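Structure first, then comments.
The values are calculated or read from the model by the stated rules, or taken from the named source; none is laboratory data. The shown structure was predicted, so the numbers you read here are calculated from the model rather than taken from an experiment. Note that each Cβ is placed from the backbone with ideal geometry, even for glycine, and that neighbours are counted across all protein chains shown. Accessible surface areas use protein heavy atoms only, side chains included; no ligands, DNA or RNA. Shrake-Rupley method; radii C 1.70, N 1.55, O 1.52, S 1.80 Å.
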Amino acid sequence: MAPFIYHSLFLLLLQYPLLSLSTNSEGNALHTLRSRLSDPNNVLQSWDPTLVNPCTWFHVTCDSNNHVIRFDLGNSNVSGSLGPELGQLHHLQYLELYMNDLRGKIPEELGNLKHLISMDLYGNKLEGKIPKSFGKLKSLKFLRLNSNKLSGSIPRELTSLTNLKIFDVSNNDLCGTIPVDGNFGSFPMESFENNRLNGPELKGLVPYDFGC
């Protein structure tokens with residue numbers, strides 16, 4: 001009996017490092033993000049990188065398999081920038097980072113979050129272009145990027161998001177014309193106001209990037 005027990009323990013020890021590495025990859029990604037952020041109110045003080053996974057951290061929600069499905073730092077008075085590590089949260093469904101002081105560009109890697117349902121980045125100081133990679137977010141229903149400093153045109157790739165119900169890019173510095181393909185023909189004009197957009201495109205008459 002004893003040799004069998006020792007053999008079982010040996011196998012468990014061999015597997016444990018792999019298990020720890022797998023379950024903590026999302027925690028590593030979030031902790032890397034934390035290093036980019038200034039947190040004057042200590043809302044991230046529970047983020048202990050030595051834990052096997054981040055499921056006990058405040059502002060993080062996991063499913064029954066300990067995968068991060070929701071990350072909510074909305075209106076938390078954090079500042080800093082977003083990085084490519086967010087693209088490693090492969091099971092994420094809700095990304096809520098609205099009403100903070102986030103700056104810099106939106107990472108292209110967010111387009112890897114194929115399970116994402118809602119992305120709220122509004123009310124920050126994000127700049128640069130809306131990533132074309134967002135066209136891969138086929139589960140996305142809510143995309144709010146309003147009240148930032150985004151520039152360039154609205155990527156044509158976004159018109160392929162057939163599940164998109166809410167889209168708001170108002171109060172930025174976007175240019176070009178508003179697409180009408182896909183669900184974009186049903187979004188209210190308020191979703192596009194206070195930009196340098198030229199109104200809905202006229203197919204065959206007005207270039208999509210006119211004015212950019």
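Observations on the structure shown:
- Virtual paramagnetic centre 7 Å along Cα→Cβ of residue 101, amide N under 19 Å, in segment 111-138: 121-127
- Based on the convex hull around the alpha carbon atoms, segment 90-200 presents an average projected area of 5.7 nm².
- FRET efficiency for residue 43 and residue 114, using Cβ-Cβ distance with R0 set to 25 Å, rounded to 0.05: 0.35
- Charged-residue dipole, Cβ positions (Lys, Arg, Asp, Glu), segment 91-212 about Cα centre, Debye nearest 20: 260 debye
- Length added when fully stretched, residue 65-residue 138, from 0.36 nm per residue minus Cα-Cα: 24.0 nm
- Euclidean distance between Cα centres, segment 80-95 to segment 121-174, Å: 16 Å
- Other residues with beta-carbon under 14 Å from the beta-carbon of residue 44 carry, at +1 per Lys or Arg and -1 per Asp or Glu, a net charge of -1.
- Protein heavy-atom surface of segment 95-212, 1.4 angstrom probe: 51% of the accessible area is carbon and sulfur, with nucleic acids and ligands not counted.
- Looking at segment 128-167, the trypsin sites (Lys or Arg not before Pro) that sit in a DSSP loop and have at most 16 other Cβ atoms within 10 Å of their own Cβ are 129, 138, 141, 165.
- Our Cα-only numbers for segment 24-164 put the radius of gyration and Dmax at 14.4, 43 Å.
- Gain in span if fully extended, residue 77 to residue 58, counting 0.36 nm per residue against the direct Cα distance: 5.3 nm
- Using a probe of 1.4 angstrom and keeping all protein chains present, the accessible surface of segment 93-212 works out to 46 square angstrom per residue.
- Normalised contact order of segment 38-99, rounded percent, pairs of Cα under 8 Å and 6 or more residues apart: 32 percent
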